[in-house]
Each structure stands twice: as C-alpha cells, then as structure tokens.
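Peer 1: If you scroll down you'll find the structure; I have some questions about it.
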Amino acid sequence: MHNGMGCMQNEGVPSSGYSEIRRLMETGEPVCITFETEEGDVKKRLHGTMPFQKSVPEEKTAGEERNELSGKSGFLFCELVQKARMGEKFRISGQSCSPGDYVLGLSEKSPAEYYLRSGRYSNKQDAEKAALSLPRLKRKFHSIVIEPLSVNRDIFDVLILFLKPERAMRVVQANAYSGGKRTVMDTMGAASICGDCTVFALEQGIGLSFGCKGSRKHSGYKDFEVPLGIAFEKIKEIEEGLSKIPETTE
C-alpha cells in the first residue's frame, strides 16, 4: 500500500515523470484513475493517505463544486477513459453502464440477465457464472477522478494505457525484470476497462485485457490496441524495468 510519502514532493504539481511509460502510447496519454474516499472534509486516495488536490476552479460557487464532485455521468466509464486519454478530466460519482456499476461497486444488481439477453452466453446458468466471475471493487469511495497523466498530481490508484501488442509485451517484460515473475492475465472479454484494467489491476498490480464488445463499440479505441492497467504501487517498478530491458528488434 502506498504510504503517500513519495507524493508529498509533488503535491500540487502536475506529473512530469514516467517518460518510459508515456512513450508506449502512440495516440493520446495514459489515463489516471483515482478513487477518492472521504474522511471528514478531506478527499483521499483509496490506497493512500495524501489529500487529492481539488481541480474545481476557484470562481465556482460551493453549490457548483458539490455538483461536480458528486455528479453521475451520462457517459460510460470506458468512454470517459477515452475522453481523458485525449485531454479531458472528470470527477464523477457514477456512470451509465450497468455492468460497470456492478464491477465498480456502485450497484449490487448482477449483469447476468443483461448478458443473457445480449446473446453472449449459451444459457442463464452460464450468464450467471460469468457475472459472478467479474472482478468487483469492494471498497467504498466518494468519487472517481479520470484524467490524463499530464495533469495528475502523482496521486492515483490505476494508470490505464492503450497499446499495440508489442508495447504491451514490453510492460510484461518490465514486470519480470526484477524477480523474473510472470504476469497473470485474467479476462473473458467482458468489463474490460472497468474490470480487467481497473479493478483487477488495482488488486493484482497489472491487468492486461483484449478489450470487450462494449468498450470497443462505445469508446472507439482501435482494433489493434489492447488496454492495460497498472496499479500505482507498480508504476515505479515498471518504469525502471522499461528503462533497462533491451529494445525490441525491428
């Protein structure tokens, strides 16, 4: 668990680090996901103790600030991630995908019936089994900040990238650089951005996915791109590994 000490030096300053990770992406930026918890009047990271710097302009009234901090977005989580990839920033308390709500812990309603109606599974039992296998965020949070890495204050929970397979391979190799460990891939082509790359990555360190029908249809990342999530606690290790492993032979 990150103890916040490393963040203190960068408090209030947009991140300028992680050059090796940044250059993996050819289009847009890596996207930071921060689950803000609420303890008294202080917003904090889900996995840390450093207060998150408010991004609400000072000229906004208190009422307007509350709306921005607690609003449910009309977009899907995966759509918001793509928008953040291209430079936008959001703070939300909800989004508009029912399976995403279940994965992010915003709803207890299983997506099994939805999955069955969509024709993704052969029968009700298989759809229910698939829904039960989805990663789920069990911890409570107040809001989710979704923003490009360039504006983040080096305080986040998960970093999401969209990579060509060769670039994703380099992350796997960087993960093995210290310790020779294998990267576990656990996916079934459903809830890829919210589940595989956010919740699974948050709990396991890295979440590598081939995407899912919903995120590819609605958020529009390229057919040749694979999404990948890295937990904050893994970032420095991956950055160091990337700087040390040999380049891929063309």
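Peer 1: If r is the Cβ-Cβ distance from Ser107 to Ile245 and R0 is 41 Å, what FRET efficiency results, to the nearest 0.05?
Peer 2: Computed FRET efficiency for Ser107 and Ile245: 0.50.
Peer 1: When all protein chains stay in place, what accessible area (Å², nearest 10, 1.4 Å probe) is found for Phe210?
Peer 2: Surface accessible to solvent at Phe210 totals approximately 130 Å².
Peer 1: Roughly how much of Ser118 is accessible, in Å² to the nearest 10, using a 1.4 Å probe?
Peer 2: 50 Å²
Peer 1: Could you work out the mean projected area of the convex hull around the alpha carbons of segment 114-250, in square nanometres to one decimal?
Peer 2: 10.3 nm²
Peer 1: First measure r as the distance between the Cβ atoms of Thr27 and Lys72, then evaluate 1/(1 + (r/R0)^6) with R0 = 25 Å and state the FRET efficiency to the nearest 0.05.
Peer 2: Efficiency computed from Cβ-Cβ geometry: 0.30.
Peer 1: Compute from the Cα atoms of segment 174-243 the Rg and the Dmax, the latter being the longest Cα-Cα distance, and quote both in angstrom.
Peer 2: Answer for segment 174-243, Rg first and Dmax second: 12.7, 38 Å.
Peer 1: Kirkwood-based Rg over Rh for segment 94-138 (C-alpha set), two decimals?
Peer 2: Rounded to two decimals, Rg/Rh equals 0.97.
Peer 1: What are the ³J(HN,Hα) values, in whole Hz, obtained from phi via the Karplus relation 6.51 cos²θ - 1.76 cosθ + 1.60 with θ = phi - 60°, for each residue of segment 206-214 in sequence order, with x given for Gly and Pro?
Peer 2: In residue order, the calculated couplings are 9, x, 9, 9, 9, x, 9, 4, x Hz.
Peer 1: Also: Once R0 is set to 25 Å, what does the formula 1/(1 + (r/R0)^6) return for the Cβ-Cβ distance between Met86 and Met169, expressed as a FRET efficiency to the nearest 0.05?
Peer 2: 0.50
Peer 1: For Leu208, Leu242, what's the largest-to-smallest order of accessible area, 1.4 Å probe?
Peer 2: Leu208, Leu242
Peer 1: While we're looking at this one, here's another question. Sorting Ser93, Ser209, Ser98 by accessible area (1.4 Å probe), largest first, what list results?
Peer 2: Sorted by accessible area, descending: Ser98, Ser93, Ser209.
Peer 1: Largest first, how would Glu166, Glu20, Glu225, Glu88 line up by accessible area (1.4 Å probe)?
Peer 2: Glu88, Glu166, Glu20, Glu225
Peer 1: Step through the table entries Lys124/Lys213; Lys164/Lys244; Lys109/Lys140; Lys138/Lys217, compare each Cα-Cα distance with 23 Å, and write down the pairs that go over it.
Peer 2: Pairs exceeding the cut-off: Lys138/Lys217.
Peer 1: Looking at segment 214-250, which chymotrypsin sites (Phe, Trp or Tyr not before Pro) are DSSP coil and have at most 11 other C-beta atoms within 10 Å of their C-beta?
Peer 2: Filter output for segment 214-250: Phe224.
The values are calculated or read from the model by the stated rules, or taken from the named source; none is laboratory data. Note that this is a predicted model, so its numbers are computed, not measured. All Cβ positions, glycine included, derive from the backbone under ideal geometry; neighbour counts span all protein chains shown. Areas reflect the complete protein model, heavy atoms only, side chains present, ligands, DNA and RNA absent. Shrake-Rupley method; radii C 1.70, N 1.55, O 1.52, S 1.80 Å.
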